[in-house]
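Just below is one structure, and these are the notes that go with it.
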Amino acid sequence: AGGGAYWVDSQQKRYVPVKGDHVIGIVTAKAGDMFKLDVGGSEPASLSYLAFEGATKRNRPNVQVGDLIYGQFLVANKDMEPEMVCIDSSGKSSGMGIIGQDGFLFKVSLGLIRKLLAPKCEIIQELSQLYPFELVLGMNGRIWVKAKTVQQTLIIVNILEASEYMTAEQRKQALAKLSGN
Amino acid sequence: RHPLSPSLAGERLCSTEEATPGSGTYTRHGFIYSSLAGCLERKSEDSGLPVVSVVRDSESQLLPNVGAVVTCKVCSINSRFAKVHILYVGSTPLKSTFRGTIRKEDIRATEKDKVEVYKSFRPSDIVLAKVISLGDAQSNYLLSTAENELGVVVARSEAGVQMVPISWCEMQCPRTHTKEFRKVARVQPQFLQT
């Protein structure tokens, strides 16, 4: 009998921090050498200024209140406040850190995020044929999108939000109408 | 025993020739003074002079001293320390609980920097600890579990069942058989009740 993992897939909107999850957090406070981030859980997560690639006591990262951070949980359990880092175990950032200016942040359900993170996701592939765009998916239900113009960004946001309830057919029709324009 | 009468702090009670000082008093220049605001008690001793003492309540509150072993319950944990409520001093229960702190570096005697508070205590654990300091302005007693006989004595697993200790750092749940990390106390055999 092989090993393998069993899990129960369910739908929810409220996020519970889990160790190792990659999430998008919003900086709410700077307290000395720690930042407090809102990740959508019951408690704000803490992030040390040294937990960025190439950060030292002299070379601090330029993080302001209101910035978006993409990071992963180092410590997350029900008894303590969660702790985030923006580097992996080898010290490389691997895509984590401060998310750039502009773009649009919105919230979706956790089930849709898991669908979008599956390899070869059809929704992402079809959208990328429409316009080029940058996309960050947080396991806490937050998505950040940035395209060339505001209008293109908002179209992508609307498609992603609607793909929670649209069937594949409806989505292909909607995209065909948009690319026909 | 003579009837009680109220006394003020700093009040001169009598001279040391008439009585011996007891608790709640001090001596200066051959006289006994009260150090508390409370009730004056005069107990006649069979041998020698009566003992004069001042008490606040009908039973005196037992305060944890430095070096006393206390029983406490963990109320919250942090990556740097654990906050506890002190319930018993030795074997006497306290009427009102005191608050204590166990710092991360005081949990174990060896490998202090590798300690993780989450792997030593959890909220609602019962812990035997020793008082190392009476505390600072926040009036939190500073406690330590850096001995083999100190640490977690009673803990519940995530399933809610009382766990059985299997080593100095692990406890096991008898229902789910999952092991959880704790800093377990090696209780002396004479204190165990089976």
**Qualifying residue in region A:159-180 (condition: outside the structural domain of A:ALA76 (by the TED database) and under 27 Å from A:GLN64 (Cα atoms))** = no
**Complete:** Going through (1) more than 22 Å from B:MET171 (Cβ to Cβ); (2) assigned to a loop (DSSP other than H, G, I, E, B); (3) among the hydrophobic types (A, V, I, L, M, F, W, C) one by one, B:PHE121 fails only at (1)
**Prompt:** Could you say which residue among A:TYR70, A:TYR15, A:TYR6 is away from chain B (no Cβ under 14 Å) and modelled with pLDDT of 95 or more?
**Reply:** A:TYR70
**Message:** Here is a check on your reading of the model: is A:VAL75 surrounded by 11 or more Cβ atoms within 10 Å (Cβ to Cβ), in contact with a Ser or Thr (Cβ under 9 Å, 6 or more places away or on another chain), within 14 Å of chain B (Cβ to nearest Cβ) and touching a residue at least 40 places away in the same chain (Cβ under 8 Å)?
**Reply:** yes
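So that you can scan it fast, the table gives a plain yes or no per residue for (1) surrounded by 12 or more Cβ atoms within 10 Å (Cβ to Cβ); (2) part of a helix (DSSP H, G or I):
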residue	(1), (2)
A:THR56	no, no
A:ASN62	no, no
A:GLY71	yes, no
A:GLY111	yes, yes
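What do you reckon, is B:ALA159 aliphatic (A, V, I, L, M) and surrounded by 13 or more Cβ atoms within 10 Å (Cβ to Cβ)?
Taking the combined requirement at face value, the residue does not satisfy it.
For region A:47-57, does any single residue satisfy the condition of being within 14 Å of chain B (Cβ to nearest Cβ), farther than 23 Å from A:LEU154 by Cα and within 17 Å of the chain's Cα centre (by Cα)?
Within region A:47-57, one or more residues are within 14 Å of chain B (Cβ to nearest Cβ), farther than 23 Å from A:LEU154 by Cα and within 17 Å of the chain's Cα centre (by Cα).
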**Asked** Within region A:105-121, is there a residue that is among the charged types (D, E, K, R), without any contact (Cβ under 8 Å) to a residue 12 or more places away in the chain and within 14 Å of chain B (Cβ to nearest Cβ)?
**Response** no
**Prompt:** Among the residues of region B:98-108 satisfying the criterion of being under 16 Å from B:ILE86 (Cβ atoms) and more than 11 Å from the chain's Cα centre (by Cα), which is farthest from the other protein chains (Cβ to nearest Cβ)?
**Reply:** B:ASP106
**Item:** Residue in region B:54-69 that is at pLDDT 90 or above and assigned to a strand (DSSP E or B) present
**Value:** yes
**Asked** Can you pull out the residues in region B:109-132 that are surrounded by 13 or more Cβ atoms within 10 Å (Cβ to Cβ), more than 13 Å from chain A (Cβ to nearest Cβ) and not charged (D, E, K, R)?
**Response** B:VAL115, B:ILE126, B:VAL127, B:LEU128, B:ALA129, B:VAL131, B:ILE132
**Prompt:** In the set B:LEU87, B:LEU94, B:LEU128, B:LEU142, which member is at pLDDT below 90, over 20 Å from A:VAL75 (Cα atoms) and not acidic (Asp, Glu)?
**Reply:** B:LEU94
**Asked** List pairs: first in region B:87-105 and acidic (Asp, Glu), second not in a strand (DSSP E or B), Cβ under 9 Å, 6+ apart or cross-chain?
**Response** B:GLU105/B:LYS112; B:GLU105/B:ASP113; B:GLU105/B:VAL115; B:GLU105/B:ALA146
**Request:** Just give me the residues in region A:31-41 being part of a loop (DSSP other than H, G, I, E, B) and in contact (Cβ under 8 Å) with a residue 12 or more places away in the chain, in sequence order.
**Result:** A:ASP33, A:VAL39, A:GLY40, A:GLY41
**Item:** Candidate set: region A:124-153, residues that are farther than 27 Å from A:PHE73 by Cα and aliphatic (A, V, I, L, M); chosen: the one modelled with the lowest pLDDT
**Value:** A:LEU130
**Message:** Yes or no: region A:79-95 includes at least one residue that is without any contact (Cβ under 8 Å) to a residue 24 or more places away in the chain and within 14 Å of another protein chain (Cβ to nearest Cβ).
**Reply:** yes
**Cβ-Cβ under 7 Å pairs, at least 6 apart or on other chains, region B:43-54 side touching a residue at least 40 places away in the same chain (Cβ under 8 Å) and farther than 9 Å from B:ALA19 by Cα, far side basic (Lys, Arg) and not in a loop (DSSP other than H, G, I, E, B)** = none
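The values are calculated or read from the model by the stated rules, or taken from the named source; none is laboratory data. What you see is a predicted model; the values in this text were computed from it and never measured. Glycine gets a Cβ as well: all are built from the backbone with ideal geometry, and neighbour counts include every protein chain shown.
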